[in-house]
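Worksheet: one structure, shown below.
The values are calculated or read from the model by the stated rules, or taken from the named source; none is laboratory data. As the structure is a prediction and not an experimental result, all values here were calculated from the model. Please note: Cβ atoms are built from the backbone with ideal geometry, for glycine as well, and neighbour counts cover all protein chains shown.
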Ligand code: M6R
């Protein structure tokens, strides 16, 4: 989510680091910093804001060393500020970190009891403290990093400097990408290819559980157990623009493919797989208050609103609290019946959508409890609500929301389980069983992504259609709405989402031989009903694209094209069924040659009414 770059060589490290960080800046980071050797010690320079601000500060700084690490931050734990910016320095150790340390509170408490003094609100700061602690015990730099990372749970890509060993950088990764760049008498480390592409095209990709030691004229890679890893560098032929997109043609496609990771990050540290328990950091509603809640209002706009519609099914099923879902632009101008026994859940990727903020103020006036589900840390919505549940999707650049949506559904599912367990409506056994399925969702999503080529071929077949109808039922009716929205946003093709049962009350009049109907067909309690809806379409010569489960044989004779997906517990099907619809919309738009990442007339964040 954040950006890392590190350099050891004979160039001016400040320039290499700032240049590398600038190449990552398009993702909208909120703060940045570098740590560079000077006069035998490590000097830190950090600031909130843009890399240009950091660059200005560096003009007046002098460093005599030729080794340094830099970082651009996209806040996850702790607001954007200078003290929360990386590198984090403690007793001769400087660390930059990407990822999430799940057990940081536990480790922080332990080290505070031992006399450690912390200066930030981040999870990352525990790393500099842990490594310094191991060095104090007499371990070498390398062993200190090894010991420290064996104590953390979660994801990390780190680069570390140590005043006692001032000629090298040590880097390590677990579930967060890290790359080594190999030069002539110089070496690099980075989280992303663009950061170092102008210096070298010889790169090595670290695997989980590996540590790299980078000196000026050598590098080596080891496993956590100290076993040497032999790996040849790869030649990267990407141009700089392609590199920014991780090799994908568009940010939207990259973000679609990031979803398994984004869902894992949103679940991370919040669930106990063995018991089905859920912990929601940032939500401090006590049990008594939760038991008094008699109605939940879910408020949002656009795609976030559709996530809210899915959330209604989840919350009502698992916690038995009635849920109303409202568009923020409607809620703000009506006089809702919300009161102090209502919980208002406001969903927004950006946290800056004007209508959603106005709805929040309306809810505040009613005395309701306010909880936001946001992707951007310290956004207005996140700050102004009483409680916040962050999605950890990472920066979303494509205007069409994809990974933010699946992470919003993930957060809503966690909230539903949390409410159900706390109020006693969700039995421990069901929670445990459900959690065992929840942890498989990223794998199911991965599985669907592997079928992208088949979806691309179907998209090519239909790319010239003028209108589309999307049908779904129950918890997947909002997925039909989201599929239609994705298609119209980026391909400019007219598309409508409908609950399948409503078709005969109007939209069936639209069906003829040139009308493709995308139908969601999971094997749930209304499976037979949706098969009948498909028959109704076929009887009027419509063309059916069915998204159906792998072992569904009945669908074959009814649909013109089938996109197969894995089977899942009904409550989890939206995560799986939305992926083909995102890919379908993307490929149709790409065939039409539209500006996929910045479709006409749309803004990523609608901050005006
Ligand atoms: O930042 P928000 O989640 O509040 O944004 C809400 C909508 O503007 C947004 O979801 C919009 O519909 C997207 N373009 C959908 O792809």
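Based on this model, can you work out whether residue 527 counts as outside the structural domain of residue 323 (by TED's automatic domain parsing) and touching a helix residue (DSSP H, G or I) at 6+ places or on another chain (Cβ under 9 Å)? Talk me through it step by step, then tell me what you get.
Values: outside the structural domain of residue 323 (by TED's automatic domain parsing): yes; touching a helix residue (DSSP H, G or I) at 6+ places or on another chain (Cβ under 9 Å): no.
Considered against the rule, which asks whether it is outside the structural domain of residue 323 (by TED's automatic domain parsing) and touching a helix residue (DSSP H, G or I) at 6+ places or on another chain (Cβ under 9 Å), residue 527 comes out as no.
What is the one condition in (1) modelled with pLDDT of 95 or more; (2) within 15 Å of the ligand (Cβ to nearest atom) that residue 379 does not satisfy?
For residue 379, the exception is condition (1).
Run residue 203 past the list (1) in contact (Cβ under 8 Å) with a residue 12 or more places away in the chain; (2) not in a strand (DSSP E or B) and report the number of the one that doesn't hold.
Failed condition: (2).
What about residue 134, is it in contact (Cβ under 8 Å) with a residue 60 or more places away in the chain and part of a helix (DSSP H, G or I)?
Working: in contact (Cβ under 8 Å) with a residue 60 or more places away in the chain: no; part of a helix (DSSP H, G or I): yes.
So residue 134 does not fit the description; no.
Which one is farthest from the ligand (Cβ to nearest atom) among residues in the range 311-336 that are crowded, with 16+ Cβ neighbours inside 10 Å and over 30 Å from residue 427 (Cα atoms)?
Checked the range 311-336; the qualifying residue farthest from the ligand (Cβ to nearest atom) is 336.
Can you tell me how many residues in the range 393-409 are surrounded by 24 or more Cβ atoms within 10 Å (Cβ to Cβ) and closer than 15 Å to residue 30 by Cβ?
Result for the range 393-409: 1.
Being more than 19 Å from residue 464 (Cβ to Cβ), more than 8 Å from the ligand (Cβ to nearest atom) and under 22 Å from the mean Cα position of the chain (by Cα) is the filter here; which residues of the range 590-602 pass it?
Selection gives 597, 598.
Within the range 337-376, work out how many residues are more than 12 Å from the ligand (Cβ to nearest atom) and part of a loop (DSSP other than H, G, I, E, B).
Residues flagged as more than 12 Å from the ligand (Cβ to nearest atom) and part of a loop (DSSP other than H, G, I, E, B) within the range 337-376 amount to 8.
Which residues, counting only those in the range 231-263, are part of a helix (DSSP H, G or I) and at pLDDT 85 or above?
Within the range 231-263, the subset part of a helix (DSSP H, G or I) is 240-244, 251-257, 259-263.
Those that are part of a helix (DSSP H, G or I) and at pLDDT 85 or above: 251, 252, 253, 254, 255, 256, 257, 259, 260, 261, 262, 263.
Report whether or not residue 263 is surrounded by 15 or more Cβ atoms within 10 Å (Cβ to Cβ), touching a residue at least 60 places away in the same chain (Cβ under 8 Å) and more than 16 Å from the ligand (Cβ to nearest atom). Step through it out loud before you land on a result.
Numbers: surrounded by 15 or more Cβ atoms within 10 Å (Cβ to Cβ): yes; touching a residue at least 60 places away in the same chain (Cβ under 8 Å): yes; more than 16 Å from the ligand (Cβ to nearest atom): yes.
Judged against the criteria, residue 263 is a match.
Consider residue 563 carefully, then state whether it is within 16 Å of the ligand (Cβ to nearest atom) and under 24 Å from residue 248 (Cβ atoms).
Judged against the criteria, residue 563 is not a match.
So which of 142, 147 is under 16 Å from residue 211 (Cα atoms), touching a residue at least 60 places away in the same chain (Cβ under 8 Å) and assigned by TED's automatic domain parsing to the domain that holds residue 174?
Values: 147 fails: touching a residue at least 60 places away in the same chain (Cβ under 8 Å).
Just one listed residue meets the conditions, 142.
Is it true that residue 93 is at pLDDT 90 or above and touching a helix residue (DSSP H, G or I) at 6+ places or on another chain (Cβ under 7 Å)? Walk me through how you get there before you give the answer.
Numbers: at pLDDT 90 or above: yes; touching a helix residue (DSSP H, G or I) at 6+ places or on another chain (Cβ under 7 Å): yes.
Yes.
What do you reckon, is residue 538 in contact with a strand residue (DSSP E or B) (Cβ under 7 Å, 6 or more places away or on another chain) and farther than 22 Å from residue 454 by Cα? Reasoning before the result, please.
Working: in contact with a strand residue (DSSP E or B) (Cβ under 7 Å, 6 or more places away or on another chain): yes; farther than 22 Å from residue 454 by Cα: yes.
Taking the combined requirement at face value, the residue satisfies it.
Tell me which residues, restricted to the range 279-301, are more than 16 Å from the ligand (Cβ to nearest atom) and under 19 Å from the mean Cα position of the chain (by Cα).
Result: 279, 280, 281, 282.
For residue 484, only one of the following conditions fails: (1) more than 16 Å from the ligand (Cβ to nearest atom); (2) within 23 Å of residue 263 (Cα to Cα); (3) without any contact (Cβ under 8 Å) to a residue 60 or more places away in the chain; (4) touching a strand residue (DSSP E or B) at 6+ places or on another chain (Cβ under 6 Å). What is its number?
Going through the list (1) more than 16 Å from the ligand (Cβ to nearest atom); (2) within 23 Å of residue 263 (Cα to Cα); (3) without any contact (Cβ under 8 Å) to a residue 60 or more places away in the chain; (4) touching a strand residue (DSSP E or B) at 6+ places or on another chain (Cβ under 6 Å), residue 484 breaks only (1).
Kindly indicate whether residue 158 is touching a helix residue (DSSP H, G or I) at 6+ places or on another chain (Cβ under 9 Å) and more than 18 Å from residue 70 (Cβ to Cβ).
Working: touching a helix residue (DSSP H, G or I) at 6+ places or on another chain (Cβ under 9 Å): yes; more than 18 Å from residue 70 (Cβ to Cβ): no.
For residue 158, the condition - touching a helix residue (DSSP H, G or I) at 6+ places or on another chain (Cβ under 9 Å) and more than 18 Å from residue 70 (Cβ to Cβ) - is not met.
Report yes if some residue within the range 476-487 is within 22 Å of residue 543 (Cβ to Cβ) and part of a loop (DSSP other than H, G, I, E, B); otherwise report no. If you could, list the steps in order and put the result at the bottom.
Residues of the range 476-487 within 22 Å of residue 543 (Cβ to Cβ): 476-477, 479-487.
Narrowing the set further to residues that are part of a loop (DSSP other than H, G, I, E, B) leaves none.
Within the range 476-487 (the criterion being within 22 Å of residue 543 (Cβ to Cβ) and part of a loop (DSSP other than H, G, I, E, B)), the answer is no, since none of the residues qualifies.
Within the range 487-528, count every residue that is over 35 Å from the mean Cα position of the chain (by Cα) and either within 16 Å of the ligand (Cβ to nearest atom) or within 19 Å of residue 591 (Cα to Cα) (or both).
Final tally of qualifying residues: 1.
If you check every pair at least six apart or on different chains, which have Cβ atoms under 8 Å apart with a residue in the range 43-57 that is farther than 18 Å from residue 2 by Cβ first and a residue that is in a strand (DSSP E or B) second?
43/35; 43/36; 43/37; 57/45; 57/47
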